[in-house]
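The values are calculated or read from the model by the stated rules, or taken from the named source; none is laboratory data. In this text, all values refer to a predicted model and were calculated from it rather than measured experimentally. Note: ideal-geometry Cβ built from the backbone for every residue, glycine included; neighbour counts use all protein chains shown. These area figures cover heavy atoms from the full protein model, side chains too; ligands, DNA and RNA do not enter into them. Shrake-Rupley method; radii C 1.70, N 1.55, O 1.52, S 1.80 Å.
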Amino acid sequence: MRYATEDEGARVAEVLAEAARRMAALRGAPPFRVFAATGPAPEPAWFAEGHRRDDVWQRITVRHGRSGQDEAALWVTSAVRDAAPVSLAESLRLERDGYPRADEDPSAREAGAGRMSRAEVVVGGAPRAADVLTEGTWWAARIEAATDTDTDADADAESVTVTVVGHQVPIGQVRLATVTDLGPYLDAREAELARRRA
């Protein structure tokens, strides 16, 4: 068995401390308009992932449901200033199959045989048209949520792209609403991680 050197241990501690600082900075009001599912959605709802570039948040994902290939789940990713948006097919595969290893060739991942269609997803109480890719019991949908209140008066507000990936959840029952406080989702993340560690 190899033990970590003092330098390696210090580096791990530094990385963990930085991750804790980033999570603490998200408590309270989100850095941009973030969405989560409401109504009949799998539980628990927790902060699953966030992506930053140059210390600016670009994507935040809220997950609904526990881990497990056979359990119903939803992933709701809100993105702004996204220089490299992920395709619907890749969004679906990332949630279904997991993220590739650092040494894995992305082109080697299974292409899938999905079906493209259009559907309506309710966002903030109003139906929105969405492009949808379906592969078996999995689907991925993309919606543009133009402004904070979706009124012409706020036409200059930042555009948010919402990608929803669902497994064993009918797209017709999905309802999205703006998250006003990420604190409960971060607390639920800690509870979920503790459950997995146990």
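Here are a few things to note about the model shown:
- The residue of the stretch 74-84 that is nearest to Arg196 (Cα to Cα), among those that are assigned to a loop (DSSP other than H, G, I, E, B), in contact with a strand residue (DSSP E or B) (Cβ under 6 Å, 6 or more places away or on another chain) and not acidic (Asp, Glu), is Val80.
- Among the residues of the stretch 169-198, not one is in contact with a helix residue (DSSP H, G or I) (Cβ under 9 Å, 6 or more places away or on another chain), closer than 30 Å to Arg118 by Cα and not hydrophobic (A, V, I, L, M, F, W, C).
- Answer residue from the stretch 26-57, given it is free of Cβ contacts under 8 Å to residues at least 60 places away in the same chain and out of contact with any Phe, Trp or Tyr (no Cβ under 9 Å at 6 or more places or on another chain) and is nearest to Leu94 (Cα to Cα) among those: Arg52
- Of Thr77, Thr61, Thr38, all but one fail to be within 13 Å of Val164 (Cβ to Cβ) and more than 10 Å from the chain's Cα centre (by Cα); the exception is Thr38.
Residue by residue, here is whether (1) under 21 Å from Glu71 (Cβ atoms); (2) open to solvent by 40 Å² or more (accessible area, probe 1.4 Å); (3) polar (S, T, N, Q); (4) under 16 Å from the mean Cα position of the chain (by Cα) holds:
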site: Val164; (1), (2), (3), (4): yes, no, no, yes
site: Gln168; (1), (2), (3), (4): yes, yes, yes, no
site: Ala177; (1), (2), (3), (4): no, no, no, yes
site: Asp181; (1), (2), (3), (4): no, yes, no, yes
site: Leu186; (1), (2), (3), (4): no, no, no, yes
site: Ala191; (1), (2), (3), (4): yes, yes, no, no
site: Ala194; (1), (2), (3), (4): yes, yes, no, no
site: Ala198; (1), (2), (3), (4): yes, yes, no, no
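- Those strands (runs of 3 or more DSSP E) of the stretch 1-73 in which 3 or more residues are under 15 Å from Leu186 (Cα atoms) occupy 45-53, 56-64.
- Long-range neighbours under 8 Å by Cβ, at least six apart or interchain, first residue over 14 Å from Met23 (Cβ atoms) within the stretch 182-198, second surrounded by 14 or more Cβ atoms within 10 Å (Cβ to Cβ) and modelled with pLDDT under 90: none
- When we screen Ala72, Ala126, Ala45 for residues that are at pLDDT 90 or above, among the aliphatic types (A, V, I, L, M) and buried (at least 20 other Cβ atoms within 10 Å of the Cβ), the only hit is Ala45.
- Scanning the stretch 174-192 for residues that are farther than 14 Å from Val123 by Cβ and touching a strand residue (DSSP E or B) at 6+ places or on another chain (Cβ under 9 Å) turns up Leu182, Pro184, Tyr185, Leu186, Asp187, Ala188, Arg189, Glu190, Ala191, Glu192.
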